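The values are calculated or read from the model by the stated rules, or taken from the named source; none is laboratory data. Because the structure is a prediction, the values reported are computed rather than measured. All Cβ positions, even for glycine, are placed from backbone atoms using ideal geometry, and neighbour counts span all protein chains on display. Side chains included, ligands, DNA and RNA excluded: accessible areas come from the protein's heavy atoms. Shrake-Rupley method; radii C 1.70, N 1.55, O 1.52, S 1.80 Å.
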Amino acid sequence: MTALLPLDDYTLRVVVLGAATLGVVAGALGTFAVLRRQALVGDAISHAALPGVALAYLLTGSKSSLLLMIGAALTGFAAVLLVTAVVRTTRVKQDAALGIWLSVFFGVGLVLLTWLQRRPDASQAGLDRFLFGQAATLLREDVVTMAAAGALALLVLLALWKELKVLAFDHEFGATLGLRMRLVDVVLVGLLVVAIVIGLQTVGAVLMASMIVAPAAAARQWTDRLGAMTVLAAAFGALAGALGAVASAEVSRLPTGPTIVVVATALVAVSLLAAPRRGLVARAVRSRRARERLGLAQVLADLAQLEQVHEGPARGHHAATVGAMEQADVLPALVELERRGLVERTPDDRWLLTDRGRSEVSRA
Amino acid sequence: MTSGQLEIIAIASLTSAACALVGVFLVLRRMSLVSDAITHSVLLGIVLAFFVTQSTTSPLLLVAAALTGVVTVALVELVTRTRLVREDAAIGLVFPVLFSIGVILVSRYAGSVHLDIDTVLLGELAFAPFDRVHVGGVDLGPAALVTMAVVLAVDVAALTLFWKELKLTTFDPALALSLGLAPTAVTYGLMSLVSLTAVGAFNAVGSILTVALMVAPPAAAYLLSDRLWRVTLLAAAIGVGCAVAGYWLAFVLDASIAGCIAACCGAAFALAWAFAPGRGILAGARRRARQRVDFALAMLAIHLATHEGRPEAEEESRLDRLGAHLRWDEGRIAHVVAAAQRRGLVVEQAGVLALTERGRRLARQAITF
């Protein structure tokens, strides 16, 4: 593969740095979007950024990434404002408002792009990379712009940490504390817009929303602490961005955005399965253990009941007798109980509660 | 207008109508973004089905792709049910990855799939008339037109047959369940319809703009009426209107037809939002202005009635003193008094206001509940 590489190390380094930067910012800010149940607001912003890119180019004729990013941010933000306005002034719900504005803005963006493409000068070439992203076109200046904007967003995040935390978990409580929650909410949307706009050139408008959701959803499985989740989401984002970008730079005809999304989603899948405590595997093991424990307690209780019913000195009972009460093979449970010293096996193959076993039953 | 243009408009209209019909129920069930998920993942279904059938027109393709839509919904539900991520995040996780896999397959095997990225995003409405269906040597019209006619017919038939079930499970799932109507089955039936429609629409307008057709016209219609059947018919009519207007807009601008149709959908919703009778922004503003006036008139009438026939009556009812008593500025006083006179609530005599019988009645009504 390396022989086919049109990239030297320097270019690859730039690409990886760029993709990692967007991953860090999107992951960290996505944490708040996901906790606030606004995962799909990111979808609206990223689709609505497209007409901004086209408009910025149309008005300035420049392809500087900063200008295009500003244009994208403006239309992205405008779409969220429209969604909020529709929800507040009509009976149309948020889901429909999001659906309307994301698709309509995107449609207008496509109209502008196709219209630009049909103009005689071909100078607009390369704007399509904002659809599905093309990491290979990242330049050093682009990465510097992305890093600067991202750092600014992260600084605001740190400065407003407490307010954003309250917003994510209990905004009504925040309002009673005298915090201006609506303003904080607008700031969060603004930060999300920055995070998304940073990724447009690499991941593309169609899929950038996924970079907001996936790292945060993966990080959520590993921790219950907001700080740890934010850092972890940033790390997952960076990992997905870097891996996806390298893969798409190395393999021909592998669009960057989709590749990054597939990597990020794989991280989510692994997290859902393997995370300690919350993960599905851990959960299955735990519930199996609980079932077993319940089974042991039941068998112990059965022996105690048999002992009560049969008067006289305890002689123990056959495993089959207990098994008949449980309609199951209780031998493994009895062996386990014996290992724990709660029952003992008599020489004639009966099972008898030990004193510890009896006290265990009365305790239960 | 050439017959090609006519055919494109016909395809666009059928697509819009079909999308609007199923979209109404998505909007009412707060599941609009499921259309976003389905329209994206359908791409993967189309690509995979193409690998199997090696044809872009096989009806099997339609069915297989529609199945992917249902699978997507089931997958979202599966992820949500682990309770590890919430539903919005689950939607945001599932469809981008299915779409991504679809896009990757399209780019890697572009040569053999007959699909490219532009088709995925924009559909191929402009070229639709070139791909025709012939049965026994008779030209039945463009393949897309035939497909969409079938899809629309299925939608209309399903909606007519299961109208009662759809209506009840949409507005009161608990009652539907207690009447023995399996809301889950109805939901999955609806999802199958949405998927089928999305596959058809995908060919015409691409994946993302299908969302515009499924959500915007129904949402606009929802602002215009309170009766389900009227909302449904209106949504279809608005969709068709947007399709026709969008086509001509694209013709004038020489830009993407699908994009222009989406833009028209946005405009249609914005118009309904602004001007819907009773519910629009304008109607709301007018209502508030009227209520402001009514309230001021009632206040004036109550003020005059309170002091009527008492020693301070003249002082309290003098035009030049009213402002001080009611704490209103001059302009407001003049405006309200003029309105009160027009409605025959008060008469003025030598700078002093007196209530008419009508004014007294208003004051009485305003202070008794």
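Evaluate the following for A:Ala238: is it in contact with a helix residue (DSSP H, G or I) (Cβ under 6 Å, 6 or more places away or on another chain), touching a residue at least 40 places away in the same chain (Cβ under 8 Å), in the same structural domain as A:Gly133 (by TED's automatic domain parsing) and more than 22 Å from A:Ser103 (Cα to Cα)? Talk me through it step by step, then tell me what you get.
Working: in contact with a helix residue (DSSP H, G or I) (Cβ under 6 Å, 6 or more places away or on another chain): yes; touching a residue at least 40 places away in the same chain (Cβ under 8 Å): yes; in the same structural domain as A:Gly133 (by TED's automatic domain parsing): yes; more than 22 Å from A:Ser103 (Cα to Cα): yes.
So A:Ala238 passes the test.
Looking only at segment A:183-220, count every residue that is surrounded by fewer than 24 Cβ atoms within 10 Å (Cβ to Cβ), farther than 17 Å from A:Ile45 by Cα and touching a residue at least 12 places away in the same chain (Cβ under 8 Å) and tell me the total.
1
Within segment A:57-73, can you find the residues that are of a type in the set (A, V, I, L, M, F, W, C) and open to solvent by 10 Å² or more (accessible area, probe 1.4 Å)?
As a first pass, look at segment A:57-73 and keep what is of a type in the set (A, V, I, L, M, F, W, C): A:58-59, A:66-70, A:72-73.
Selection gives A:Leu58, A:Leu59, A:Leu66, A:Leu67, A:Met69, A:Ile70, A:Ala73.
Can you say whether A:Val261 is under 17 Å from the mean Cα position of the chain (by Cα) and not in a loop (DSSP other than H, G, I, E, B), as far as the supplied structure shows?
On the way: under 17 Å from the mean Cα position of the chain (by Cα): yes; not in a loop (DSSP other than H, G, I, E, B): yes.
So A:Val261 passes the test.
Looking only at segment A:278-304, count every residue that is within 29 Å of the chain's Cα centre (by Cα), basic (Lys, Arg) and assigned to a helix (DSSP H, G or I) and tell me the total.
Within segment A:278-304, residues that are within 29 Å of the chain's Cα centre (by Cα), basic (Lys, Arg) and assigned to a helix (DSSP H, G or I) number 4.
Which one of these is facing chain B (nearest Cβ under 9 Å) and either within 20 Å of the chain's Cα centre (by Cα) or at pLDDT 90 or above (or both): A:Ala168, A:Ala148, A:Ala159, A:Ala209?
Numbers: A:Ala168 fails: facing chain B (nearest Cβ under 9 Å); A:Ala148 fails: facing chain B (nearest Cβ under 9 Å); A:Ala159 fails: facing chain B (nearest Cβ under 9 Å).
Just one listed residue meets the conditions, A:Ala209.
Within segment A:327-355, how many residues are within 44 Å of the chain's Cα centre (by Cα) and charged (D, E, K, R)?
The qualifying residues number 4.
Of the residues B:Leu209, B:Leu213, which single one is in contact with a helix residue (DSSP H, G or I) (Cβ under 7 Å, 6 or more places away or on another chain), closer than 15 Å to A:Val104 by Cβ and at pLDDT below 90? Don't jump to the end; show me each part of the working.
Values: B:Leu213 fails: at pLDDT below 90.
Going through B:Leu209, B:Leu213 in turn, just one is in contact with a helix residue (DSSP H, G or I) (Cβ under 7 Å, 6 or more places away or on another chain), closer than 15 Å to A:Val104 by Cβ and at pLDDT below 90: B:Leu209.
Please enumerate the residues belonging to segment A:269-295 that are open to solvent by 100 Å² or more (accessible area, probe 1.4 Å) and under 26 Å from A:Ala233 (Cβ atoms).
Within segment A:269-295, A:Arg277, A:Arg286 meet the criteria.
How many residues does segment B:278-299 contain that are over 23 Å from the mean Cα position of the chain (by Cα) and open to solvent by 50 Å² or more (accessible area, probe 1.4 Å)? Show your work before the answer.
Of the residues in segment B:278-299, the ones over 23 Å from the mean Cα position of the chain (by Cα) are B:286-299.
Okay, now just the ones that are also open to solvent by 50 Å² or more (accessible area, probe 1.4 Å), so B:286-288, B:290-292, B:294-295, B:299.
Result for segment B:278-299: 9.
So, in segment A:230-257, how many residues would count as being outside any helix (DSSP H, G or I) and crowded, with 24+ Cβ neighbours inside 10 Å?
So in segment A:230-257, the residues outside any helix (DSSP H, G or I) come out as A:251-255.
Then keep just the ones that are crowded, with 24+ Cβ neighbours inside 10 Å; that gives A:255.
Looking only at that region, the number is 1.
Please find, among B:Leu190, B:Leu196, B:Leu209, the residue that is within 25 Å of A:Ala205 (Cβ to Cβ), of a type in the set (A, V, I, L, M, F, W, C) and crowded, with 24+ Cβ neighbours inside 10 Å.
Numbers: B:Leu190 fails: within 25 Å of A:Ala205 (Cβ to Cβ); B:Leu196 fails: within 25 Å of A:Ala205 (Cβ to Cβ).
Answer to the selection: B:Leu209.
Matching residues to (1) in a helix (DSSP H, G or I); (2) at pLDDT below 90; (3) within 14 Å of chain A (Cβ to nearest Cβ):
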residue: B:Gly4; (1), (2), (3): yes, yes, no
residue: B:Ser35; (1), (2), (3): yes, yes, yes
residue: B:Thr72; (1), (2), (3): yes, no, yes
residue: B:Asp88; (1), (2), (3): yes, yes, yes
residue: B:Gly111; (1), (2), (3): yes, yes, yes
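If A:Ala147 meets every condition in (1) surrounded by 24 or more Cβ atoms within 10 Å (Cβ to Cβ); (2) over 30 Å from B:Ala220 (Cα atoms); (3) not hydroxyl-bearing (Ser, Thr, Tyr) apart from one, which number is that one?
(1)
Collect the residues in segment B:274-317 that are over 30 Å from A:Val87 (Cβ atoms), in a helix (DSSP H, G or I) and small (Gly, Ala, Ser), keeping them in residue-number order.
B:Ala296, B:Ala298, B:Ala301, B:Ala305, B:Ala313, B:Ser317
Would you please name the residue that is surrounded by the fewest Cβ atoms within 10 Å (Cβ to Cβ), looking only at residues in segment A:318-361 that are assigned to a helix (DSSP H, G or I) and in contact with an Asp or Glu (Cβ under 7 Å, 6 or more places away or on another chain)?
Residues of segment A:318-361 that are assigned to a helix (DSSP H, G or I), as a first pass: A:319-326, A:331-339, A:355-361.
If we keep only those that are in contact with an Asp or Glu (Cβ under 7 Å, 6 or more places away or on another chain) too, we end up with A:322-323, A:325-326, A:338.
Numbers: A:Val322: 23, A:Gly323: 17, A:Met325: 16, A:Glu326: 13, A:Glu338: 15.
Among them, the one singled out is A:Glu326.
Have a look at A:Val41, A:Val34, A:Val15 and point out the one that is at pLDDT 90 or above and within 22 Å of A:Gly133 (Cα to Cα). Explain how you work it out, then say what you get.
Details: A:Val34 fails: within 22 Å of A:Gly133 (Cα to Cα); A:Val15 fails: at pLDDT 90 or above.
The conditions single out A:Val41.
Looking at A:Ser46, A:Ser64, which one is hydroxyl-bearing (Ser, Thr, Tyr) and within 30 Å of A:Leu232 (Cβ to Cβ)? First the steps, then the outcome.
Details: A:Ser64 fails: within 30 Å of A:Leu232 (Cβ to Cβ).
Residue meeting the stated conditions: A:Ser46.
Can you name every residue in segment A:305-317 that is surrounded by 16 or more Cβ atoms within 10 Å (Cβ to Cβ) and part of a helix (DSSP H, G or I)?
The answer is A:Leu306, A:Glu307.
Do any helices (runs of 4 or more DSSP H) entirely within segment B:122-241 hold 1 or more residues that are closer than 29 Å to B:Pro59 by Cα, and if so, which? It would help to see each step written out before you state the result.
On the way: elements: B:143-161, B:163-171, B:173-178, B:183-205, B:207-224.
Result: B:143-161, B:163-171, B:183-205, B:207-224.
Return only the number of the condition from (1) touching a Phe, Trp or Tyr at 6+ places or on another chain (Cβ under 9 Å); (2) at the interface with chain B (Cβ under 8 Å from one of its Cβ atoms); (3) farther than 17 Å from B:Phe99 by Cα; (4) modelled with pLDDT of 90 or more that A:Thr230 does not satisfy.
(2)
Which residue is farthest from A:Ile198 (Cα to Cα), if the candidates are limited to segment A:72-93 and must be more than 8 Å from chain B (Cβ to nearest Cβ) and without any contact (Cβ under 8 Å) to a residue 24 or more places away in the chain? Outline the logic, then answer.
Filtering segment A:72-93 down to residues more than 8 Å from chain B (Cβ to nearest Cβ) leaves A:72-85, A:87-88.
Now drop any that are not without any contact (Cβ under 8 Å) to a residue 24 or more places away in the chain, which leaves A:74, A:81-82, A:84-85, A:87-88.
Details: A:Leu74: 13, A:Leu81: 20, A:Leu82: 22, A:Thr84: 23, A:Ala85: 26, A:Val87: 28, A:Arg88: 29 Å.
Result: A:Arg88.
Return the residue satisfying two criteria in turn: it lies in segment A:58-79 and is modelled with pLDDT under 90 and either within 27 Å of the chain's Cα centre (by Cα) or of a type in the set (Ser, Thr, Tyr) (or both), and of such residues it is farthest from B:Pro96 (Cα to Cα).
So the residue we want is A:Thr60.
Among the residues of segment B:320-369, which ones are part of a loop (DSSP other than H, G, I, E, B) and within 12 Å of B:Leu304 (Cα to Cα)?
Applying the first criterion (part of a loop (DSSP other than H, G, I, E, B)) to segment B:320-369 yields B:327-329, B:343-345, B:350-351, B:356, B:368-369.
Correct list: B:Leu345, B:Thr356.
Between B:Ala296, B:Ala270, which is within 30 Å of A:Arg91 (Cα to Cα) and assigned by TED's automatic domain parsing to the domain that holds B:Pro218? Even if it seems obvious, please write down each step before you answer.
Numbers: B:Ala296 fails: assigned by TED's automatic domain parsing to the domain that holds B:Pro218.
It is B:Ala270.
Which of the residues spanning segment B:245-265 are facing chain A (nearest Cβ under 7 Å), within 14 Å of B:Val205 (Cβ to Cβ) and either free of Cβ contacts under 8 Å to residues at least 12 places away in the same chain or surrounded by fewer than 24 Cβ atoms within 10 Å (Cβ to Cβ) (or both)?
B:Ala255
Just for segment B:1-26: of the residues that are open to solvent by 10 Å² or more (accessible area, probe 1.4 Å) and among the aliphatic types (A, V, I, L, M), which one is nearest to B:Gly239 (Cα to Cα)? Step through it out loud before you land on a result.
Taking segment B:1-26 first, the residues open to solvent by 10 Å² or more (accessible area, probe 1.4 Å) are B:1-10, B:13-14, B:17, B:21.
Now narrow it down to the ones that are among the aliphatic types (A, V, I, L, M): B:1, B:6, B:8-10, B:14, B:17, B:21.
Working: B:Met1: 21, B:Leu6: 17, B:Ile8: 15, B:Ile9: 12, B:Ala10: 12, B:Leu14: 9, B:Ala17: 6, B:Leu21: 9 Å.
Among those residues, the one meeting the criterion is B:Ala17.
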